[in-house]
Amino acid sequence: MTKPSLAIRALSKWESAHPDYHRTLRGLLSVGAFVVAAKCVGMAKEIAVAARYGVSGIVDAYLLALTVSTWAPSVMISVGAAVLVPRLARLQSGARARAKFLAELNATAVILGTGLLMLTIFAAPWLVPWLSSGLSPASQAATLTMVLRMSPMALLVIGAGLLAIRLQASERHSYALAEAGPALGILLLVLLMPLGSGWRPLVWGTLLGAVLQIGWSGFTARRADGRLEGMSFGLSSPEWRGVYSALGVMTAGSLIASLVTPVDQMFAARLGDGAVAILGYANRLVALVTGLGAVTLARALLPVFSGAAVADQISRGYRQAKRWTWISFACGLVAIAVGWPSAPWIVGIVFERGSFDAGNTKQVVEVLRAFLFHLPFYFGGVVLVQWMLALGLFRRLLYVAMAAIVVKVVLNAALAGPFGIAGIGWSTGGAYAVSFLMQLALIRPGSR
């Protein structure tokens, strides 16, 4: 009797696997396809921006202004996704309880977004000089101007984020494509507006793109749920009780974790004009990889892990989490092996044109290579975080975030001097390695 072929054995193993593996893989493929499309738009935007502005004070100012105007709302959405996706996934679509909760969420989002918009306007005059202290006076003034112009992003980010949370909970992954909206807006205006427009294509393109993102996500959410549910001002839904219990800890953890970007930019700004831009270009290339991997993993795995936790199938979920962790870690190692030798070619092909010259390419390559070494820890950590979220281990995530930001600041201070901007990249690897090791220890069944 002949042995079955490798393909037949693989098919048999796949068919006998637990349905969660099928569901996870479908989610990974679906999310991945939409994220790749969105990242392609983002890459086209980066090419256009690099050709027009190069490594200039305008790019420094824009990146800092974008951080100031979107940092707080992005943190709120990160918290919302962690707390609300598992809860919405448990509520039956079309049920009255879900409709009531969504209406109250809509109203809460409008209030929160408006409040953050006003806070951005009032805080910008003292926050911008602190973040941009190493830049020229002209770049500092441009940063403040751009922050005030982009202050509506606070409300737009909250609105788009809430729609994305709803769609993620429903496993409608096409919303990932809508996240290309800001990049598309910038790309269009950079290409269409005249060269003397200064920072305006970046700022107005960002706002236009955010509006496009909300429009597409709202259309998709309405098709998924039948209606957007309007607004109900109040917190009477019983679902809020579960949200309150996790909100404080998750907000603290997300705030701490999100400090990485402004901390890095602050250290880079102290290295002089152009440093924030170089850091930004390197980060954009890394983000193409981390965004594709992390977004795909997080959005596909969290609903599946949440289902395992709700069904009290902890052992099975733990095994799945460990397996996906090491698969993801291995993918990060592959990314290093491919990215290190190809970094000069990638940076040259993507950015080296117009105002971006060969000297700028060399600077970005050095920083990009330093950033590569956090990828295995980052990808593995994304999976572990989803499992911890599904189990409601929010306080442990807070501890991990606190340890990571302390390591990040210490290593930035130690490495940015001797290694320049590349030192910021090396410090990122150290911070993520600490996070990964802590997460591995904290998800062990015996540690609960």
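The values are calculated or read from the model by the stated rules, or taken from the named source; none is laboratory data. Everything quoted here is computed from the prediction, not taken from an experiment. Every residue, glycine among them, receives a Cβ derived from its backbone with ideal geometry; neighbour counts consider all protein chains shown. Accessible surface is based on the protein model in full, side chains and every heavy atom, while ligands, DNA and RNA are left aside. Shrake-Rupley method; radii C 1.70, N 1.55, O 1.52, S 1.80 Å.
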Worksheet item: Can V190 be described as more than 20 Å from the chain's Cα centre (by Cα) and open to solvent by less than 40 Å² (accessible area, probe 1.4 Å)?
Response: yes
Worksheet item: When you go through (1) open to solvent by 40 Å² or more (accessible area, probe 1.4 Å); (2) farther than 28 Å from V406 by Cα; (3) in a helix (DSSP H, G or I) one by one for R227, which number turns out not to apply?
Response: (3)
Worksheet item: Give me the pairs: first residue in the range 248-260 and in contact (Cβ under 8 Å) with a residue 12 or more places away in the chain, second residue part of a helix (DSSP H, G or I) and open to solvent by 50 Å² or more (accessible area, probe 1.4 Å), beta-carbon distance under 6 Å, and six or more apart or on different chains, which are they?
Response: V249/R395; S254/S78; I256/M402
Worksheet, complete the sentence: Residue pairs qualifying under the 7 Å Cβ cut-off, at least six apart or on distinct chains, with the first in the range 120-134 being touching a residue at least 24 places away in the same chain (Cβ under 8 Å) and the second being of a type in the set (S, T, N, Q) and not in a loop (DSSP other than H, G, I, E, B), are T120/S69; V128/Q140; V128/T143; L131/Q265; S132/S139; S132/Q140; S132/T143
Worksheet item: In the range 323-337, how many are without any contact (Cβ under 8 Å) to a residue 12 or more places away in the chain and closer than 17 Å to F371 by Cα?
Response: 2
Discussion item. Among the numbered criteria (1) among the hydrophobic types (A, V, I, L, M, F, W, C); (2) part of a helix (DSSP H, G or I); (3) in contact (Cβ under 8 Å) with a residue 40 or more places away in the chain, which one does V55 miss?
Written reply: (2)
Worksheet item: Has the range 76-94 got at least one residue that is over 17 Å from W240 (Cα atoms), open to solvent by less than 50 Å² (accessible area, probe 1.4 Å), out of contact with any strand residue (DSSP E or B) (no Cβ under 6 Å at 6 or more places or on another chain) and in a helix (DSSP H, G or I)?
Response: no
Item to complete: May I ask you to list the residues in the range 198-215 that are in a helix (DSSP H, G or I) and open to solvent by 10 Å² or more (accessible area, probe 1.4 Å)?
Response: R200, W204, L207, L208, V211, L212, Q213, I214, G215
Item to complete: Please go through the range 396-415 and pick out each residue that is under 21 Å from the mean Cα position of the chain (by Cα) and farther than 12 Å from V434 by Cα.
Response: R396, L397, L398, V409
Worksheet item: Looking only at the range 54-63, which residues are open to solvent by less than 20 Å² (accessible area, probe 1.4 Å) and either modelled with pLDDT under 85 or over 17 Å from the mean Cα position of the chain (by Cα) (or both)?
Response: G54, V59, D60, A61, Y62
Worksheet item: When you scan the range 338-360, how many residues do you find that are part of a helix (DSSP H, G or I), among the polar types (S, T, N, Q) and either out of contact with any Phe, Trp or Tyr (no Cβ under 8 Å at 6 or more places or on another chain) or surrounded by fewer than 20 Cβ atoms within 10 Å (Cβ to Cβ) (or both)?
Response: 1
Worksheet item: If the Cβ limit is 8 Å and pairs must be 6+ apart or interchain, which residue in the range 139-152 that is more than 14 Å from A269 (Cβ to Cβ) and open to solvent by 10 Å² or more (accessible area, probe 1.4 Å) pairs with which residue that is part of a loop (DSSP other than H, G, I, E, B) and among the aromatic types (F, W, Y)?
Response: T145/W199
